[in-house]
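See below for the structure under consideration.
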Protein chains: 4
Amino acid sequence: MTENSLIDASRLTAALQRFADERDWNRYHSPRNLVLALMGEVGELAEIFQWLDDDAAARLGDDPARFTHLQEEIADVLLYLTRLAMVTGVDLDAAVRDKLAKNAIKYPAI
Amino acid sequence: MTENSLIDASRLTAALQRFADERDWNRYHSPRNLVLALMGEVGELAEIFQWLDDDAAARLGDDPARFTHLQEEIADVLLYLTRLAMVTGVDLDAAVRDKLAKNAIKYPAI
Amino acid sequence: MTENSLIDASRLTAALQRFADERDWNRYHSPRNLVLALMGEVGELAEIFQWLDDDAAARLGDDPARFTHLQEEIADVLLYLTRLAMVTGVDLDAAVRDKLAKNAIKYPAI
Amino acid sequence: MTENSLIDASRLTAALQRFADERDWNRYHSPRNLVLALMGEVGELAEIFQWLDDDAAARLGDDPARFTHLQEEIADVLLYLTRLAMVTGVDLDAAVRDKLAKNAIKYPAI
């Protein structure tokens, strides 16, 4: 992790590669497959919030079972996103640093 | 970053909080809003791949403009996901470690 | 159904309204809730195709269980979309006629 | 449209087939491509609602520009869904009738 790094996902990237290698899953992890899998997980994240109003959504952490479920779905989105970045050659840290720099120009602080 | 950390998003989380503070955006960053915003970005990611076959998708990095676009959309998904984790109190590193441990049991190595 | 109608969803719209009335579900069917529910169903649709290559996807109908599953997920997307149109006052037939007219201008026939 | 039909999308299905034929688009309309395109449109639908609270979302129809945008995105979702049904051999009317029958058993009226 360098001085300017915003995120260090190098160990997660390596762990996911090892996980795929050990299960012979690399052949399934094409970019398009991973985008579809990502959508599946985002759909499960949406389901958690679909019938909650904003107040109930803000108190979701009060219910341990729901909170664990939320944690799992957020993790799943992150796992597939990290894997998608890896198979397409995207460096997550460089990508977020560039995007935040662009956002800072697009949306100046008030 | 501790010895067992798989991802360190603490600096990104802090940078996004500062970014929201400086623009008075915290009131917009409810969990449900962030899930909808995440979907918007996943939709843009899907659009990149929608008319490509698997071969063309695998060669997407050969086209610098498309690769930059991909990088930006992956970053956007990661930014909203990190922000969603923050406002719901989910620790991304703990979440991915727990999920990988569960996955290792669910899908034994071959 | 008038002469220019492309789709007639009036009976489905009425059936869904009756279904919601009989279960006291109208209070849950806000536009944002329905968009989140729609995302959930699109995620389930994506899951059907996530590990299939294009050839396997094209032959999905050969497997009756998978085909039934596909049919159900397509139906679920349509049900939530019809319901979203209803609660937001969008006429599905007018919407698709307008959009096809715009598309015909945007993408001239070759 | 038979007595038990809930939706009649036969003319829309035929119009979309003609539209694809006239533009030589059939080769792009594989099931997986259409699912990705559908995700793109659902993402645009989500963007409309992402920074609105439930009250503002319920009043969206008061703003003609936003309402037109909503109408277009709902249409786009319906167009790709109808096309997906067509290329996978799913009969939309049969699919929604079956699903509503299953839902009526799963969620008895109160």
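Just so it is clear, none of the values below were taken in a lab; they were calculated from the coordinates. Fair warning: this is a prediction, and the values are worked out from it, not measured in the lab. Neighbour counts are summed over all protein chains in view; Cβ atoms, including those assigned to glycine, are modelled from backbone coordinates with ideal geometry.
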Which distances, shortest first and in nm, link A:ASP63 to the matching position in the other copies, using label points set 7 Å out along Cα to C-beta? 3.1, 3.3, 4.4
Could you run the Karplus curve 6.51 cos²θ - 1.76 cosθ + 1.60 with θ = phi - 60° over the stretch B:84-100 and give me ³J(HN,Hα) per residue in whole Hz, x for Gly and Pro? 4, 4, 4, 6, 9, x, 8, 8, 4, 5, 4, 4, 6, 5, 4, 5, 5
Please work out which residue of chain B brings its Cβ closest to the axis of the rotation superposing B onto D, and round that distance to whole Å. B:GLY43, 1
7 Å from Cα along Cα→Cβ at both D:ASP91 and C:HIS69: what's the point-to-point distance in nm? 2.3 nm
Under the Karplus relation 6.51 cos²θ - 1.76 cosθ + 1.60, θ = phi - 60°, what is the ordered set of whole-Hz ³J(HN,Hα) values for the stretch C:22-31, x standing for Gly and Pro? 5, 10, 6, 9, 4, 5, 7, 8, 6, x
Whole-Hz ³J(HN,Hα) from phi, Karplus 6.51 cos²θ - 1.76 cosθ + 1.60, for the stretch A:42-51, glycine and proline x: 5, x, 5, 5, 4, 4, 4, 9, 5, 10
Taking a point 7 Å out from Cα toward Cβ as the label site, list the nm distances between B:LYS106 and the same residue in every other copy, smallest first. 2.0, 3.3, 3.7
Over the stretch A:3-110: Kirkwood hydrodynamic radius from C-alpha pairwise inverse distances, Å: 16.1 Å
Dipole of the stretch C:1-96, positive end: most advanced residue of C:VAL77, C:VAL42, C:TRP25 [Cβ charges, Cα centre]: C:TRP25
Using a Förster distance of 60 Å, how high is the FRET efficiency between C:ILE110 and D:ASN103, based on the Cβ-Cβ distance and rounded to 0.05? 0.90
